[in-house]
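The values are calculated or read from the model by the stated rules, or taken from the named source; none is laboratory data. Given the structure is predicted, the values throughout are model-derived calculations rather than measurements. Note that we place each Cβ from the backbone using ideal geometry, even for glycine, and neighbour counts take in every protein chain shown. Just the protein is used for accessible areas: all its heavy atoms, side chains included, with ligands, DNA and RNA removed. Shrake-Rupley method; radii C 1.70, N 1.55, O 1.52, S 1.80 Å.
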Amino acid sequence: MSNYSVNDWISQHGMAMPDKLAAIDLASNRRYTYSQMNNRVGRLANHLKYLGITKGDRVAYFAFNSTDVVEIIFACWRIGAVAVALNFRLTARELTFIIEDSTPKLIFVDSALGMVWEDVNQQTDVPNIIILDGVGGDTIYEKIISSSEPLNEMIDQTLTDQCMLMYSSGTTGRPKGVIITHGMMLFSAVGGMSAGRTTRDSVSLVVMPLFHIAAVNVSCCPMVYMGGCLIVMRMFDPDIVLKTIGNKTLGVTHIFLVPAAYNALKDGKHAEDTDFTNIVSALSGAETVPMALVKWWSKRGICLQEGWGMTETSGTGCLLLHDDVADMVGSAGRPLMGNKIRIVDEKGKEAPPNVLGEIQMKGPAVTPGYWNRPKANEESFSNGWFKTGDIGKKDGNGYIFIEDRLKDMYISGGENVYPAEVENILYELEEIKEVAIIGIPDPKWGEVGCAVVCFNDGKELTLEEIRSHCAKNLANYKIPSFLVDMEILPRSATGKVLKFELRQTIPAKLNQ
């Protein structure tokens, strides 16, 4: 891939079909054709160049969803900069670590996130800050767009050049920056278009936050590559999503949501009277889609296509085709074009059909490694295969079934929660001797956290006190919802906490 040049999708469409609608910003009702978006991207890119940002420099965005974020990403790519996605749900402490690790030369900041940003700004030293409001108001961002000359030519880049950096927490509790290249974005977008039935006439409702790989490379990039239209929603609101889908003028054909969000739509007050007939592709991932949810949507003419992917695989992996949903509920489908997926047993050999093992993936959509993490890179690959750590099986027809999302990780509302990160925060409390965080099934969020704690002699804490400490240091979805006091944690012969045992026994205790 090192010999293949990167193409500028926005610029290409701006010339080939200038009047084609490219994007609608739902909150502000701003609408841009490909010609207009190309112009805005070019003006922003030229300003970044004026600030001295060059190929390989990092440019971060800390913002709610808007068409501005899409412009920022493509402006970075036009000059060879690396777009760094910052999760707006994180605390100042978490964000500070990511900023210090990625060292961006500039951060775009949404004014609505000002309170959190003030804390971050006091702890970091970023050369340039640009404020936006995500709705086209009188901001520095819009003044830059209106006063700059457009830069229309993308600098020379190859598919192996890095274009994004997205952070995914690891089992050590420290986030790891996943290196994402132009080749990863291209091959994952192209590989998923057929399975997602994407065409130039497609309209994608971008609901998931644009700091997620799924939002960028499932909801956005395939659509932009094909010259389709994006409808960008600022934040998830079930009633607004239903209203937007039911609006025939907007013509939404594609949507990606996590199961918890589909569940929220199901319970929305307009769910029963919304017309879903325009929907061509309804994708879901991040956790297994429950059978009851699939059946509910099926009665309304919607086939929920379950898929599997990771930030490290640029959001791609496998996907259940539309025509397979009825017969293969529970499967995440077959590998998408360009992806090779195998199941490996404990000895490193490929497992036979229907036998559980680690899911490993190879192909052009897989990351070349982690940012500043040589040890993690060494541990994550085996002869070119990426070791996902996820557990699953493959049947005789090549369909993949996901059994577990890493050994200890759990998923709450579509967000990955890594217990070690929460445990590290709780160990700051002097009352706690030992702690293990596990996921507990929850009807609303899929899973929520439970802190299993051994207190020091004569010490104790309430759940409210534990939650209060976490709230100062962790995003809300990572904060435990339950507390269980134990005298001793179960451990293996090597001293490791047997979390699988806790997951089997703790839920029953909570229901007593």
Exposure ranking of Trp77, Trp445, Trp371 by accessible area [1.4 Å probe, largest first] = Trp445, Trp371, Trp77
note = Residue ranges of DSSP H helices in the chain that stretch 18 Å or more (Cα, own long axis) and have mean Kyte-Doolittle hydropathy of at least -1.0 are 67-79
ask   = DSSP loop trypsin sites (Lys or Arg not before Pro) in segment 235-334 with at most 12 other Cβ atoms within 10 Å of their Cβ, which ones?
value = Lys248, Lys269, Lys299
message = Let me check something: with ligands and nucleic acids excluded, how do His270, His322 order by accessible area (1.4 Å probe), largest to smallest?
response = His270, His322
query = Hey, what's the Kirkwood Rh for segment 362-467 if you take every pair of different alpha carbons, in angstrom?
reply = 16.8 Å
ask   = If ligands, DNA and RNA are left out, what is the accessible area of Met15 with a 1.4 Å probe, given in Å² to the nearest 10?
value = 140 Å²
query = Using a 1.4 angstrom probe with every protein chain in place, what is the largest-first accessible-area order of Thr249, Thr388, Thr33?
reply = Thr249, Thr33, Thr388
Cβ charges +1 (Lys, Arg) and -1 (Asp, Glu), total dipole of the chain, debye = 1120 debye
message = Working only with C-alpha atoms, what are the Rg and Dmax values of the chain, expressed in angstrom?
response = 22.7, 73
Projected label distance in nm at Cys454 and Lys509, using a 7 Å step from Cα toward the beta-carbon = 1.2 nm
message = List the pairs from Lys340/Lys478; Lys266/Lys340; Lys299/Lys393; Lys433/Lys472; Lys347/Lys393 whose alpha-carbon separation is above 23 Å, in the order I gave them.
response = Lys340/Lys478; Lys266/Lys340; Lys299/Lys393
key: For peptides 379-386, 257-264, sequence by mean Cβ density within 10 Å, most packed first   = 257-264, 379-386
ask   = Per residue, what volume in Å³ does the Cα convex hull of segment 82-190 take up?
value = 150 Å³
request  = Could you tell me the distance between the Cα centroids of segment 434-512 and segment 69-126, to the nearest Å?
outcome  = 31 Å
task = Rounding to the nearest 20 debye, state how big the charge dipole of segment 365-512 is about its Cα centre with +1 on each Lys and Arg Cβ and -1 on each Asp and Glu Cβ.
result = 520 debye
request  = Leaving ligands, DNA and RNA out of it, work out the accessible area of Asp133 with a 1.4 Å probe and give it in Å² to the nearest 10.
outcome  = 30 Å²
request  = Can you figure out the FRET efficiency of Asn3 with Ser382, using R₀ = 22 Å and their beta-carbon distance, to the nearest 0.05?
outcome  = 0.25
query = Got a number for the accessible area of Thr253? Probe 1.4 Å, square angstrom, nearest 10.
reply = 20 Å²
